[in-house]
Amino acid sequence: MSTLREILRTAENYLKQHAIADADVDAWYLLVHVFGINRAEFYLHREEEASKIQEEAYWTLVEQRAKHIPLQLITGTQEFMGLEFAVTSDVLIPRQDTEVLVEGVLKVCSQKSVLDMCTGSGCIIISLSKYGNLSKAVGVDLSEKALKVAEINAVKHNLNIEFIKSNLFEKIEGVYDIVVSNPPYIPSGEIQSLMPEVRDHEPIMALDGDLDGLAFYRKIAKEGKDHLIKNGYIFLEIGCNQAQDVKEILQKEGFCDIKIKKDLSGLDRVVSGRRF
Ligand code: GLN
């Protein structure tokens, strides 16, 4: 039998030995997940012995994390824009960088119709619906399994969002005020060099942007402009070295008023434009 403090310390060391970057943070979050405690309760009870069942459950999860399974896939959730999202291995885990994309759209989306292309977990369209007072919200993905997760998340947040299974705009009808997308944008050749958490556990179809990483931008810009009203906005999340390329793609398709926005680390993260 061990105390809570000992269990946490052992887990931290174990994760460190397995080259988990934020070993102490992850050991703590798993402890919170299994024991259902907060910081104050931990300090109050840390010298007490933990229940055997909980200790075993905790250890099972720590071992999964040591195998580089992402923390979010172990706990099944990720916070994004202050909301909790269910995640599975069928969707990209929402990234904090994507909040910059959502914040950009929030400035212009009141009373507007918004289509989120490659919706994945639904984190973008759900946050926009929650905070943005949209007139209509649609999320699109090719993956049926991803759409199931997005639907679960929309229900969880009590929002009325239409989800459509479609290969990009193939099945999409009508025009929207705003198209937003965080498409797959990693060049195929770079997938192997990603951290194991991403490479081995997140869906490749949410990551792989073909040879130069730009395939989805070309298609979304080309097909998307036919589904935008005049002066309608397009907002695209990009890889930090793709701003110029994506700007040129948008210009080539006739978009104007093109803007590049940085994320919190000062890296280029969003390119937006308006349909001429
Ligand atoms: N739109 C989703 C997100 O931002 C999924 C993105 C993707 O699959 N590339 O999390």
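Just so you know, all these numbers are worked out from the coordinates, no wet-lab data involved. Fair warning: this is a prediction, and the values are worked out from it, not measured in the lab. Neighbour counts are summed over all protein chains in view; Cβ atoms, including those assigned to glycine, are modelled from backbone coordinates with ideal geometry.
Brief remarks on what is shown
- Rounded to 0.05, the FRET efficiency of the D210 and D22 pair, given R0 = 30 Å and the Cβ-Cβ distance, is 0.40.
- The listed peptides 37-43, 109-115, ordered by packing as a protection proxy, come out as 109-115, 37-43 (highest mean of other Cβ atoms within 10 Å first).
- Restricting attention to region 7-146, close to 45% of DSSP beta bridges with both partner residues there are antiparallel.
- For region 66-77, Karplus couplings with θ = phi - 60° (6.51, -1.76, 1.60), whole Hz, Gly/Pro x: 4, 8, 6, 6, x, 3, 5, 7, 7, 7, x, 9
- Cα-based shape type of region 87-192, given that a ≥ b ≥ c are square roots of the gyration tensor eigenvalues and the cut on a/c is 1.5: rounded
- Distance-filtered residues of region 168-198 - backbone nitrogen under 17 Å, label point 7 angstrom along I229 Cα→Cβ: 173-180
- For region 155-243, the equivalent ellipsoid derived from the alpha-carbon gyration tensor has semi-axes of 26, 18, 12 Å in decreasing order.
- Cα gyration tensor category, rounded, prolate or oblate, for region 111-269 with a/c compared to 1.5: oblate
- Taking region 1-153 as the region of interest, the number of lysine pairs whose Cα atoms are within less than 17 Å, with members eight or more places apart or on different chains, is 5.
- For the chain, built as a Gaussian network whose Cα springs stay under 10 Å, the top-fluctuating residue of Y233, Y58, Y185: Y58
- Legend: Rg and Dmax of region 206-263, from Cα coordinates, 11.3, 32 Å.
- Take the Cβ atoms of S135 and N241, set R0 to 35 Å, and the FRET efficiency comes out at 0.50.
- Amide hydrogen proximity for Y176: with H placed 1.01 Å from N in the peptide plane, the residues at 5 or more positions away or on another chain lying under 5 Å are L228, I229.
- Here the spin labels are modelled as points 7 Å beyond Cα on the Cα-Cβ line, and at K148 and L44 they lie 4.0 nm apart.
- Summarising the amide proton neighbourhood of T119: residues at separation of 5 or more, or on other chains, whose placed amide H is nearer than 5 Å comprise V140, D141.
- For region 20-72: rounded, prolate or oblate by the Cα gyration tensor [a/c cutoff 1.5]: oblate
- Taking amide H atoms as placed 1.01 Å from N in the peptide plane, the amide H of F255 has no partner under 5 Å among residues 5 or more positions away or on other chains.
- Legend: calculated FRET efficiency, A57 to H157, from the Cβ-Cβ distance at R0 = 25 Å, rounded to 0.05, equals 0.35.
- Cα pair count fraction exceeding 32 Å, expressed as % - the chain: 31
- Beta bridges per DSSP with both ends in the chain, % antiparallel, nearest 5: 45
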